[in-house]
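Shown next, in structure tokens, is the structure this report addresses.
The values are calculated or read from the model by the stated rules, or taken from the named source; none is laboratory data. Owing to the predicted nature of the structure, the values given are computational and were not obtained by experimental measurement. Note that we place each Cβ from the backbone using ideal geometry, even for glycine, and neighbour counts take in every protein chain shown. Only protein heavy atoms, including side chains, enter the accessible area calculation; ligands, DNA and RNA are left aside. Shrake-Rupley method; radii C 1.70, N 1.55, O 1.52, S 1.80 Å.
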Amino acid sequence: MKAYTEKIKADSNDAKRVLLQLQGLYLFMGLAGGMFNPYINPILVAQGFSSKETGFIMAFGTLVSIILQPIWGILVDKFKKTRFVLVISLLVPASLAYFYNIQVYFILILIYTLCTIFQVTQIPVADSYAVTAARAANTSYGMIRLFGSIGTGVGGFAAGMYLSQFSIHMLWLPFLLFNILSAILASTLPRQTSISSSSVTFSVGLARLLRNRTFLLFLTGCFLVNQTLTAFNSFFVISFQMAGGSVTMTGTALLLASITNVPSMLAAAFILRKWGHERTMLLAAGAYMLRWGIQWLWPTPEVMIGVQVLHGLSFGFFYIAAVEYVASVTGREMQATGQSLFNMVFAGLGGIVGNMLNGYLLDSGGPSLMYLACTISAALGSVILYIVSRQAKEQRRAYSLE
């Protein structure tokens with residue numbers, strides 16, 4: 001009995017240690033991404049390229065990364081190198097960031113594509129660790145993911161301060177530093193997680209999920225909602241400055257947006273228990289509609305800063321609910337495959353279409369046209385997610401009657 005008690009205590013301590021490691025990892029990943037990612041487009045625009053041209057660079061890189069993403073799943077399944085894959089996914093983009101300063105269009109396409117190929121696996125692998133660790137520590141995934149939001153917010157604000165002293169072409173330095181720190185923490189994580197102990201291969205799991213009609217509807221709704229997020233992730237800095245906002249105000253807006261994720265992710269566990277995954281996603285999709293609609297009607301710096309308080313209610317709730325929905329639908333044996341497929345559609349396909357479409361709209365009609373299109377897309381996504389919610393409700397009712 002004493003040995004059993006000691007084992008339980010040891011397991012609990014290990015779970016808490018992994019939880020702290022992951023919180024630190026998400027914090028440093030957030031700092032790196034928050035300082036650098038929103039400014040990739042401005043870096044390229046500062047070199048004389050249009051928003052349409054930079055949108056193509058990002059769309060092409062994302063397309064190639066989607067095509068190659070299954071290879072990451074196969075490598076993890078076959079060689080059980082979960083931790084190694086996470087480490088190199090952090091170090092390779094960090095080592096290439098300096099080369100965004102090269103003023104050759106073809107080379108920039110190559111650099112962004114290489115970075116994206118490695119970055120695309122960061123979130124699915126880290127999220128699989130996080131979901132497993134959260135369950136082991138008897139807490140929610142949101143308690144880990146919120147540290148990423150804190151890092152992103154602080155990173156965005158720090159970038160504004162940094163750029164008031166240094167050239168935008170020097171942003172690669174803090175990006176390199178924080179990714180190295182992230183890689184060090186990632187190297188301390190356990191070798192085995194549910195992602196590498198899955199009994200179902202990536203290809204078999206993928207085939208099963210693609211036969212699930214409700215899951216396909218869920219992915220379609222996620223795509224329509226998340227392609228609008230590129231209006232913030234890729235084009236907010238440019239559209240904000242087109243509307244008359246300053247560099248310092250840009251940092252404030254980015255900080256406000258990311259910090260609002262913190263209370264959202266803290267409250268996510270309660271909301272998910274009360275409302276369920278599908279209704280929470282529907283609430284978040286409605287917040288997306290409101291967020292883009294306000295900026296369509298009033299594209300001014302003050303409004304564009306203030307409306308960022310909706311970022312947590314929109315992205316924060318949506319992402320947490322979607323990740324946990326995927327985990328609940330796919331189960332342990334296909335969790336990694338499900339998260340990878342979700343990420344391919346949510347960030348991958350949504351990123352391709354969003355970057356190309358919103359880059360074109362921003363060049364053609366300015367911020368107002370871009371935000372109008374985002375409002376319509378989020379509305380269509382909301383309709384599809386409503387159908388998913390109704391189907392889930394009917395399935396639960398049928399199950400309860402059996």
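Could you check how many residues of region 80-102 are farther than 20 Å from Ala183 by Cα, open to solvent by 50 Å² or more (accessible area, probe 1.4 Å) and at pLDDT below 90? Before you say what the answer is, go through the steps one by one.
Just the residues of region 80-102 that are farther than 20 Å from Ala183 by Cα, to begin with: 99-102.
With the extra rule that they be open to solvent by 50 Å² or more (accessible area, probe 1.4 Å), the set shrinks to 99, 102.
Cutting the leftovers down to at pLDDT below 90 gives us 102.
Total satisfying the criteria: 1.
Only one of the numbered conditions (1) open to solvent by 20 Å² or more (accessible area, probe 1.4 Å); (2) under 20 Å from the mean Cα position of the chain (by Cα) is violated by Thr300, and that is (2).
Within region 148-168, restricting attention to residues that are open to solvent by 60 Å² or more (accessible area, probe 1.4 Å) and in a helix (DSSP H, G or I), the residue that is farthest from Ala253 (Cα to Cα) is Met161. Using the structure shown, decide if Leu20 is in a helix (DSSP H, G or I) and free of Cβ contacts under 8 Å to residues at least 12 places away in the same chain. Taking the combined requirement at face value, the residue satisfies it.
The number of residues in region 156-182 being of a type in the set (Gly, Ala, Ser) and either free of Cβ contacts under 8 Å to residues at least 40 places away in the same chain or within 16 Å of Gln23 (Cβ to Cβ) (or both) comes to 2. Close contacts from region 28-45, counting a first residue that is open to solvent by 10 Å² or more (accessible area, probe 1.4 Å) and a second that is among the polar types (S, T, N, Q) and at pLDDT 85 or above, with Cβ to Cβ under 7 Å and a gap of 6+ residues or different chains, come to Phe28/Ser182; Met29/Ser182.
Name the residue, out of Lys9, Lys16, Lys52, that is modelled with pLDDT under 80 and touching a Ser or Thr at 6+ places or on another chain (Cβ under 9 Å).
Result: Lys52 is the single residue among Lys9, Lys16, Lys52 that is modelled with pLDDT under 80 and touching a Ser or Thr at 6+ places or on another chain (Cβ under 9 Å).
Considering only residues that are open to solvent by 50 Å² or more (accessible area, probe 1.4 Å) and modelled with pLDDT of 90 or more, which ones fall in region 363-386? Matches in region 363-386: Leu369, Leu372, Ile376, Leu380, Val383, Tyr386.
Suppose we filter Ile259, Ile195 for residues that are at pLDDT below 80 and buried (at least 24 other Cβ atoms within 10 Å of the Cβ); which single one remains?
Details: Ile259 fails: buried (at least 24 other Cβ atoms within 10 Å of the Cβ).
The conditions single out Ile195.
Could you list all residues from region 350-395 that are among the polar types (S, T, N, Q) and within 22 Å of Val303 (Cβ to Cβ)? Of everything in region 350-395, those that are among the polar types (S, T, N, Q) and within 22 Å of Val303 (Cβ to Cβ) turn out to be Asn358, Ser364, Ser368, Thr375, Ser377.
A Cβ distance below 6 Å, combined with a sequence gap of six or more or placement on separate chains, defines the contacts here; from region 52-69, residues that are over 15 Å from Gly350 (Cβ atoms) reach residues that are hydroxyl-bearing (Ser, Thr, Tyr) in the pairs Lys52/Tyr360; Ile57/Tyr112; Val64/Thr113.
Of all residues in region 118-127, one or more are part of a helix (DSSP H, G or I), under 30 Å from Leu266 (Cβ atoms) and open to solvent by 40 Å² or more (accessible area, probe 1.4 Å).
Scan region 210-226 and give yes if some residue there is under 23 Å from Phe346 (Cα atoms), open to solvent by less than 40 Å² (accessible area, probe 1.4 Å) and at pLDDT below 80, otherwise no. Within region 210-226, not a single residue is under 23 Å from Phe346 (Cα atoms), open to solvent by less than 40 Å² (accessible area, probe 1.4 Å) and at pLDDT below 80.
Screening region 262-297 for residues that are open to solvent by less than 10 Å² (accessible area, probe 1.4 Å) and modelled with pLDDT under 85 and picking the one that is nearest to the chain's Cα centre (by Cα) gives Met265.
Looking at Ala134, Ala97, Ala130, which is the one that is in contact (Cβ under 8 Å) with a residue 24 or more places away in the chain, part of a helix (DSSP H, G or I), farther than 23 Å from Leu22 by Cβ and of a type in the set (Gly, Ala, Ser)?
Answer to the selection: Ala97.
Number of residues in region 235-253 that are assigned to a helix (DSSP H, G or I) and either open to solvent by less than 10 Å² (accessible area, probe 1.4 Å) or in contact with a strand residue (DSSP E or B) (Cβ under 8 Å, 6 or more places away or on another chain) (or both): the value is 7. Yes or no: Tyr105 at pLDDT 85 or above and either open to solvent by less than 30 Å² (accessible area, probe 1.4 Å) or in contact with a Phe, Trp or Tyr (Cβ under 8 Å, 6 or more places away or on another chain) (or both)? Judged against the criteria, Tyr105 is a match. Checked against (1) in a loop (DSSP other than H, G, I, E, B); (2) under 21 Å from the mean Cα position of the chain (by Cα); (3) not polar (S, T, N, Q), Phe232 meets all criteria but (1).
Residue by residue, here is whether (1) assigned to a helix (DSSP H, G or I); (2) closer than 19 Å to Ala284 by Cα; (3) at pLDDT 80 or above holds:
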position	(1), (2), (3)
Val309	yes, yes, yes
Phe315	yes, yes, yes
Tyr325	yes, yes, yes
Gln335	yes, no, no
Leu341	yes, no, no
Gly350	yes, yes, yes
Leu361	yes, no, yes
